[in-house]
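The values are calculated or read from the model by the stated rules, or taken from the named source; none is laboratory data. As the structure is a computational prediction, the values presented were derived from the model and not from experiment. Please note: Cβ atoms are built from the backbone with ideal geometry, for glycine as well, and neighbour counts cover all protein chains shown.
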Amino acid sequence: MFSCCLDAGSTGIQIAKAFGAKKIITTTSADNFAYCRALGADQLIDYKSTDWWNVLSESSIDVVYDTVGQKGTGDRAIAVLRSSAYFGFYVTITGTKDTLPSLACTCVGHGHIQVVG
Ligand SMILES: NC(=O)c1ccc[n+]([C@@H]2O[C@H](COP(=O)([O-])OP(=O)(O)OC[C@H]3O[C@@H](n4cnc5c(N)ncnc54)[C@H](OP(=O)(O)O)[C@@H]3O)[C@@H](O)[C@H]2O)c1
């Protein structure tokens, strides 16, 4: 899971934890690491010093939850999403056409990845 710390992100961490997520990965500034860990995050990425797309392996993530909305996030999310019949969710609450995956229609068409936003 990719998210961030406050409001929408912290809610996402708690919901993921409550539903039994095995590993929750979140981006936030280092100042908020302890807060996010207390909510249930297992791996923290300081977005000010590290780009999450350089840290996460391809096809390693079941759900990407985007509360930031940076240009290019959708395509980067598709690269790390696990492709299977049940997993591969990219959820955005703040996306624009610049943040959505450019291959969204192709992926949905093949039934491997669902794009929600
Ligand atoms: N569609 C909906 O229903 C809905 C509902 C609520 C909110 N939203 C939208 O969702 C977005 C987030 O809302 P929010 O209330 O959670 O915002 P927020 O409380 O301002 O939180 C923003 C978070 O993003 C982190 N952040 C900032 N820049 C980042 C970057 N480049 N990479 C990674 N993380 C970064 C910040 O981390 P640090 O504090 O550690 O720096 C902060 O925790 C907003 O655009 C809002 O409009 C949509």
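Kindly establish whether residue 72 is within 14 Å of the ligand (Cβ to nearest atom) and among the small types (Gly, Ala, Ser). First the steps, then the outcome.
Values: within 14 Å of the ligand (Cβ to nearest atom): yes; among the small types (Gly, Ala, Ser): yes.
Here the answer is yes, as residue 72 does meet what is asked.
How many of the residues making up the stretch 64-75 are surrounded by 21 or more Cβ atoms within 10 Å (Cβ to Cβ) and not aromatic (Phe, Trp, Tyr)? So the answer is 5.
Sort out which residues of the stretch 34-68 are closer than 15 Å to residue 11 by Cβ and of a type in the set (Asp, Glu), and write them in order of number. If the condition is that a residue be closer than 15 Å to residue 11 by Cβ and of a type in the set (Asp, Glu), then 66 is the only one that fits. When residue 91 is tested against (1) closer than 14 Å to residue 9 by Cα; (2) at pLDDT 95 or above, just one condition goes unmet, and that condition is (2). Residue 65 meets each of the listed conditions (1) within 14 Å of the ligand (Cβ to nearest atom); (2) more than 23 Å from residue 96 (Cβ to Cβ) apart from (2). State whether one or more residues within the stretch 6-23 are over 17 Å from residue 89 (Cβ atoms), modelled with pLDDT under 90 and surrounded by fewer than 12 Cβ atoms within 10 Å (Cβ to Cβ). So far as the stretch 6-23 goes, yes, one or more of its residues are over 17 Å from residue 89 (Cβ atoms), modelled with pLDDT under 90 and surrounded by fewer than 12 Cβ atoms within 10 Å (Cβ to Cβ). The set of residues from the stretch 28-63 being part of a strand (DSSP E or B), touching a Ser or Thr at 6+ places or on another chain (Cβ under 7 Å) and surrounded by 15 or more Cβ atoms within 10 Å (Cβ to Cβ) comprises 44, 45.
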